[in-house]
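Can you read through this structure? Questions will come right after.
The values are calculated or read from the model by the stated rules, or taken from the named source; none is laboratory data. Quantities reported herein were computed from a predicted structural model and do not represent experimental measurements. Glycine also receives a Cβ, built like all others from the backbone with ideal geometry; neighbour counts cover every protein chain displayed.
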Amino acid sequence: MINLIASLKEKYTVDNQSRNHQWYSDEPIDEGGADVGPRPTELLLSAIASCKLITIKMYADRKGWILNDVKIDLTLDKVERMNIITQKLNVDADLNELQIKRIHSISSRCPVALMMGDNVEFKYIE
């Protein structure tokens, strides 16, 4: 079980707590917030990116593959009623093309992205 406690503070600022961690989410100043933390949508992208990178690292560790650097760039767009997340994944590793393709494929199996279900379309760019 995962538990998070969130409480509304001033204006749109939200105090979030989970385990031994505390962080704030908020809206930008130009949208009426105090900008003391990321927007909820930025936190969602962070959760997806973190999960994808951790999933990749766990897979590479099991395979004995050494990853020098892995970066992911996610962009959220809304087209009509569909949310589209565009993903650009950069893998710096001494791996062949088939292994790199496998890394890209594994990134789509992270639990957070799977929780999103059919509500989000993921587009992958190279």
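Can you report the number of residues in segment 56-88 which are part of a helix (DSSP H, G or I) and either among the hydrophobic types (A, V, I, L, M, F, W, C) or not assigned by TED's automatic domain parsing to the domain that holds GLU121 (or both)?
The qualifying residues number 3.
For VAL112, work out the one condition from (1) closer than 29 Å to ILE2 by Cα; (2) loosely packed, with under 13 Cβ neighbours inside 10 Å it doesn't fulfil.
Among (1) closer than 29 Å to ILE2 by Cα; (2) loosely packed, with under 13 Cβ neighbours inside 10 Å, the lone unmet condition for VAL112 is (2).
Does at least one position in segment 41-54 carry a residue that is farther than 30 Å from LYS9 by Cβ, touching a residue at least 24 places away in the same chain (Cβ under 8 Å) and small (Gly, Ala, Ser)?
Within segment 41-54, not a single residue is farther than 30 Å from LYS9 by Cβ, touching a residue at least 24 places away in the same chain (Cβ under 8 Å) and small (Gly, Ala, Ser).
Those residues that are within 13 Å of the chain's Cα centre (by Cα) and either more than 26 Å from ALA113 (Cα to Cα) or among the acidic types (Asp, Glu) (or both), I need them from segment 30-51; list them, please.
Across segment 30-51, the qualifying residue is only GLU42.
What number of residues in segment 12-42 are among the charged types (D, E, K, R) and surrounded by 12 or more Cβ atoms within 10 Å (Cβ to Cβ)?
6
For segment 89-118, which positions are part of a loop (DSSP other than H, G, I, E, B) and among the aliphatic types (A, V, I, L, M)?
LEU95, MET116, listed by residue number.
Quick test of your reading of the structure: VAL79 fulfils all but one of (1) in contact with a strand residue (DSSP E or B) (Cβ under 6 Å, 6 or more places away or on another chain); (2) without any contact (Cβ under 8 Å) to a residue 12 or more places away in the chain. Name the failing condition by number.
It is condition (1) that VAL79 fails.
A further question follows. Just one of LEU45, LEU74 is surrounded by 11 or more Cβ atoms within 10 Å (Cβ to Cβ), in contact with a Leu (Cβ under 6 Å, 6 or more places away or on another chain) and closer than 22 Å to LEU4 by Cα; which is it?
Working: LEU74 fails: closer than 22 Å to LEU4 by Cα.
Answer to the selection: LEU45.
Which ones in segment 1-53 are more than 30 Å from VAL91 (Cβ to Cβ) and of a type in the set (A, V, I, L, M, F, W, C)?
Across segment 1-53, the qualifying residues are MET1, LEU4, ILE5, ALA6, LEU8, VAL14, ILE29, ALA34, VAL36.
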